[in-house]
Amino acid sequence: MRAVANKNQRVQLEMKIMKYRLIARQMAADPVESDRTRELITELERKLREIDE
């Protein structure tokens, strides 16, 4: 059961990462927002690695 929860969580994180990467590309002209989005992506990727461990 835990494996299913982790898989669902992982899929949700992957979807968020894709979404925020797209947003970051669209906001490339605004360095402040782009930096914020990249920080969020980094945090989501960290959570993704924790699930994989």
Just to be sure, is Gln26 open to solvent by 100 Å² or more (accessible area, probe 1.4 Å) and modelled with pLDDT of 90 or more? no
In region 13-23, what count of residues is obtained for those that are open to solvent by less than 70 Å² (accessible area, probe 1.4 Å) and under 13 Å from Arg38 (Cβ atoms)? 3
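Scan Arg10, Arg38, Arg2 and give me the residue that is open to solvent by 100 Å² or more (accessible area, probe 1.4 Å) and touching a residue at least 12 places away in the same chain (Cβ under 8 Å).
That would be Arg38, the only listed residue that is open to solvent by 100 Å² or more (accessible area, probe 1.4 Å) and touching a residue at least 12 places away in the same chain (Cβ under 8 Å).
The values are calculated or read from the model by the stated rules, or taken from the named source; none is laboratory data. Quick caveat: nothing in here was measured; it's all calculated off a predicted structure. With ideal geometry, Cβ positions are generated from the backbone for all residues, glycine too; neighbour counts draw on all protein chains shown. Accessible surface is based on the protein model in full, side chains and every heavy atom, while ligands, DNA and RNA are left aside. Shrake-Rupley method; radii C 1.70, N 1.55, O 1.52, S 1.80 Å.
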